[in-house]
Every structure is written in C-alpha cells, then in structure tokens.
Amino acid sequence: MVTGGAGFIGCALSTKLANRFDRVIVIDSLHPQIHAERKRPAELDPRVELMVADVTEASTWAQSLETARPEIVVHLAAETGTGQSLTEASRHAIVNVLGTTRMLDAFAAVSHVPERFVLASSRAVYGEGAWRSKTAGAVTYPGQRSKQQLERAEWDFPGLEPLPMDAEKTIPNPTSIYGATKLTQEQILRAWALSFGTIVNVLRLQNVYGPGQSLTNSYTGIVSLFIRMAKEGKSIPIYEDGDIGRDFVFIDDVASALDKATATDLSQSLAYDVGTGSKTTVLDLARIIAKRYGAPEPRVNGMFRNGDVRCAVANIDRTVRELEWRPLKSVDEGIGQLSEWIDSQLG
C-alpha cells in the first residue's frame, strides 16, 4: 500500500513495486496542485490499484482495509513546500501529521500490523544543520537565519562553514513548518512501531527532480522551473548571492532507494540520507540549464525566502553501505534527461 502514490515519486516507484508484489494499492487524493486534471496519471503502472481518497479521513482507511491487509506500507502522502508551509501551516499539519495518525489508528482498529513501513521523509528536518568553525573546528548549530539577517544580505554565519547532513550525527532542527511536520511523522511512526512490534525505515530525501515532475506546481522544485524559464529565453533569477548549496538527486535513484527500503532491515534508531552526496550551487545549476537552451546569463537578484536553508547536502556513506544502494545519475545527465522530457511535453 502506497499513500500519495499517484504523485511524482509514487509513479516512478510503481513499476518496481508491481514487479515484486502480487497486489499494490495506491491511495491518493489527486490534489489539484499536483494533478491539474485530477485523473489517473499515465505514469502510474497499470497493474496498480488506485483509490482516490483523502488520507486524513477515517472513512478512507476503513474502506481501504475492508479487503486489504498490506504487508508493506510506503508512506509518501504529504504536503510539501517550505515557503508555502509558513502561510498554510494548518494544511501541512493536517495532511502530514493527522494523515499519519489516521492511518495508524485504522491499522490498530482492525488489529493488523504491517511488516514494515517505509517513510519518505525530507532533508528539511535538519533545518540549517550543523556548521563548523573555520578556525577552531568546533561544531555548532547556528539555527535559523533571521529575517533581519537576510535583509542585511548576511547569507552565511560568520566564521562558520556548513557540514553535510548526516543522520548519524546531525541533530534535526527544522526551520520550516513543513520540516517540523516531517520530523513529527518520523517520531509518530517510530513510537507506534516500537509499541506494536514492526519496522520503520525512514529515508530523508534531498532535492528530488526528474521527468514526471509537475510542471504546474511551483512548489515541486526549482530544476523544472529553471528549465521552463530558460526554454522561454528568460534570464533565470537567482536568490541571495547564488551560492545556495543543494543536493539534487534524480528521481530514478530515489525510486530505487525506496524500493530497496521495502525489502531491507535497517536500524530504526536512525534515518537514512538519500542524495548524491555532492553540492551544486543554485547559480551553477542555473548556468548549466541556461547554457543548454542558449538563454541569457542567470541574474543574481539578492532576494530571499524565509525558512530557506543556506546549504543542504547529504552524507550518504551509511545509506550506500547498509541499503546497498548508490545514486547513478549525475546532475548534468539528470538535467539533460529532464530537459528532454519537458521539451517533449511543452514542445
């Protein structure tokens, strides 16, 4: 059973699951922000059963469990968007938190405990993460950049450099409502699993991109947005000073990690980071895309967005070792593949 399984990641995962399981059920509300036409996505494997329903409603779970007792649950259903969550906090809390507890209450009501849950969590749970003194080497957690700091164009923390996000070492400290709700999902699932005797595999995803992303949802990521702008011959606007660091991980690699997590016993004490392990600045990303389309040089405008972190890059060593997985697609290759797909969609 896959919640939110008709979205970008769920569709990419669907064929892998359909190849391994006798029955795969997807529960998805087909929210118009993601699904403009609110119909079954063509990318969803035809062998998958789609139940159009809201995970926040108890009736959804009562109906879905009338005939199904899933062995594996992949929990993808979530409201996303760091900036959006600051002004639509209730919406994020209802879907991400209440949707999770509704699911767990339903399993308890029918006395069914799945063998494993796989949660697609987010790097947003770390917030700004850990930084290190450039001189003394001491590790510190500077916390969220304030609006006043950003208004002064103080993008970094003086004397500090960011460290990779590492589930073994980095203490979660969300700087957005979205990140806080994703961390709450992790904690709720772990608490339930410990009480009922099952397994939770948590994967904290970095910036996921690739073919199949919504081209109408402005909260699904900057890669597709930049491609569309460059395709139209526009100069891509770059926030802050352009040195915002991100770990862009291709959709096929993310689907592979989630698929492996459905069949691998991982330590429940820690989450697992899924990314490339390499930093790409937003300005570098924009330049790669602009060059591909012959668009004007990207322009750094000094604007900013509250809640954004300065640098988010994963340390994937433990994930590679214990999940026996590794990312296969470089950013250059991934952008090329996504560009070709967008070109085919938009002409």
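The values are calculated or read from the model by the stated rules, or taken from the named source; none is laboratory data. As the structure is a prediction and not an experimental result, all values here were calculated from the model. Counting neighbours? That spans all protein chains shown, and the Cβs are built from the backbone with ideal geometry, glycine included. Only protein heavy atoms, including side chains, enter the accessible area calculation; ligands, DNA and RNA are left aside. Shrake-Rupley method; radii C 1.70, N 1.55, O 1.52, S 1.80 Å.
Could you list, in sequence order, the residues of the range 77-96 that are of a type in the set (A, V, I, L, M, F, W, C) and surrounded by fewer than 19 Cβ atoms within 10 Å (Cβ to Cβ)? Those that are of a type in the set (A, V, I, L, M, F, W, C) and surrounded by fewer than 19 Cβ atoms within 10 Å (Cβ to Cβ): L86, A89, A93, I94.
Is it the case, given these coordinates, that I227 is in contact with an Asp or Glu (Cβ under 8 Å, 6 or more places away or on another chain), in a helix (DSSP H, G or I) and touching a residue at least 40 places away in the same chain (Cβ under 8 Å)? No: the conditions fail for I227. A count restricted to the range 2-33 and to residues that are surrounded by fewer than 24 Cβ atoms within 10 Å (Cβ to Cβ), part of a loop (DSSP other than H, G, I, E, B) and either of a type in the set (S, T, Y) or at pLDDT 95 or above (or both) stands at 4.
Within the range 85-120, the residues that satisfy the criterion of being of a type in the set (G, A, S) and free of Cβ contacts under 8 Å to residues at least 60 places away in the same chain are S90, A106, A109, S111.
Of the residues in the range 226-242, at least one is among the polar types (S, T, N, Q), over 17 Å from the mean Cα position of the chain (by Cα) and either open to solvent by less than 40 Å² (accessible area, probe 1.4 Å) or more than 16 Å from G210 (Cα to Cα) (or both). Would you check which residues across the range 318-332 are in contact (Cβ under 8 Å) with a residue 24 or more places away in the chain and not in a loop (DSSP other than H, G, I, E, B) and list them? Once the filter is applied, which keeps residues that are in contact (Cβ under 8 Å) with a residue 24 or more places away in the chain and not in a loop (DSSP other than H, G, I, E, B), the range 318-332 yields R318, T319, E322, L323, V331, D332.
Out of V110, V139, V125, V97, one residue alone is β-branched (V, I, T), modelled with pLDDT of 95 or more and over 30 Å from V320 (Cα atoms). It is V110. Across the range 279-302, the qualifying residues are those that are part of a strand (DSSP E or B) and not basic (K, R), and the one among them that is nearest to M229 (Cα to Cα) is V300. Summed over the range 162-172, residues that are closer than 12 Å to S122 by Cα and either open to solvent by 30 Å² or more (accessible area, probe 1.4 Å) or without any contact (Cβ under 8 Å) to a residue 40 or more places away in the chain (or both) total 1. Per the listing A257, A290, the residue uniquely buried (at least 19 other Cβ atoms within 10 Å of the Cβ), within 30 Å of M1 (Cα to Cα) and in contact with a helix residue (DSSP H, G or I) (Cβ under 9 Å, 6 or more places away or on another chain) is A257.
Residue by residue, here is whether (1) open to solvent by 20 Å² or more (accessible area, probe 1.4 Å); (2) aromatic (F, W, Y); (3) within 24 Å of the chain's Cα centre (by Cα) holds:
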{"site": "V73", "(1), (2), (3)": "no, no, yes"}
{"site": "T101", "(1), (2), (3)": "yes, no, yes"}
{"site": "F107", "(1), (2), (3)": "no, yes, no"}
{"site": "A124", "(1), (2), (3)": "no, no, yes"}
{"site": "E128", "(1), (2), (3)": "no, no, yes"}
{"site": "R132", "(1), (2), (3)": "yes, no, no"}
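Farther than 30 Å from E161 by Cα and at pLDDT 95 or above, is that true of A193? Against the criterion (farther than 30 Å from E161 by Cα and at pLDDT 95 or above), A193 qualifies. The single condition from (1) closer than 20 Å to Q268 by Cα; (2) buried (at least 23 other Cβ atoms within 10 Å of the Cβ) that I177 fails is (1).
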